[in-house]
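As structure tokens, the structure follows; a few thoughts come after it.
The values are calculated or read from the model by the stated rules, or taken from the named source; none is laboratory data. Model, not experiment: these values are computed from the prediction. Ideal geometry is used to build each Cβ from the backbone, glycine not excepted, and the neighbour counts take in all protein chains shown. Areas reflect the complete protein model, heavy atoms only, side chains present, ligands, DNA and RNA absent. Shrake-Rupley method; radii C 1.70, N 1.55, O 1.52, S 1.80 Å.
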Amino acid sequence: INPIDLVVKFGADALRMALVYGVAPGSKIPLSEDKVRGMRNFANKIWNVARFVSSLDQHKIEPLDEHTMNGDDTWITDELDKLIKTVDSALEKYRFNQAAEEIYEFTWHKLADIYIERVKDRKEEASPTLRHVLITCLKLLHPFMPFVTEAVWGEMKYEGQLITAAWPEASPQSA
């Protein structure tokens, strides 16, 4: 497989993610066009989540207010705190595959498949939580998919560049 052909066809971030996802440390890297295509689909999913969040037409980052959050909001922020801790631990142990897999599973399944579907009828109310979760996912995913995440960050009109943004921390009450 020629990696340059895959970059041209699917993008550098899709290839980069495919080289990390599902690869145990020290093992051979299974790579196929289908795997890279799957990671391109993941990049598209990130764009779709960002489009949904940007449809709220609020480009400012609002602090989360626990008093206005409902059960779904609390669930996703608790899951996000778990993700941050898991990713931090995996990165500290150089288990890049585990970090990438956790981010993928959270973003695609918990955020897009479950949370966004649950809040579609109250998206304005859920806006601060949606933005917080998306911003955090972009920060966590940035080392693995820097071009896509930086482009989404720019489209969302957040200040500065994503690469200089502070690394996310789990909320103190989740400790």
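Descriptive notes on the structure:
- Selection of region 14-32 for residues being among the aliphatic types (A, V, I, L, M), touching a helix residue (DSSP H, G or I) at 6+ places or on another chain (Cβ under 8 Å) and closer than 19 Å to I103 by Cα yields A14, L15, M17, A18, V20, V23, A24.
- Among the residues making up region 48-63, those that are open to solvent by 60 Å² or more (accessible area, probe 1.4 Å) and either closer than 18 Å to A18 by Cα or at pLDDT below 90 (or both) are S55, D57, H59, K60, I61, P63.
- Pairs where the first residue, in region 144-158, is within 20 Å of L56 (Cα to Cα) and part of a helix (DSSP H, G or I) and the second is open to solvent by 50 Å² or more (accessible area, probe 1.4 Å) and modelled with pLDDT of 95 or more, C-beta under 8 Å, 6+ apart: V152/W47
- If you go through region 84-108 and pick out every residue that is under 16 Å from L130 (Cβ atoms) and either open to solvent by 10 Å² or more (accessible area, probe 1.4 Å) or not hydrophobic (A, V, I, L, M, F, W, C) (or both), you end up with 2.
- A single entry from E125, E169, E117 fulfils the requirement of being surrounded by fewer than 17 Cβ atoms within 10 Å (Cβ to Cβ) and outside any helix (DSSP H, G or I): E169.
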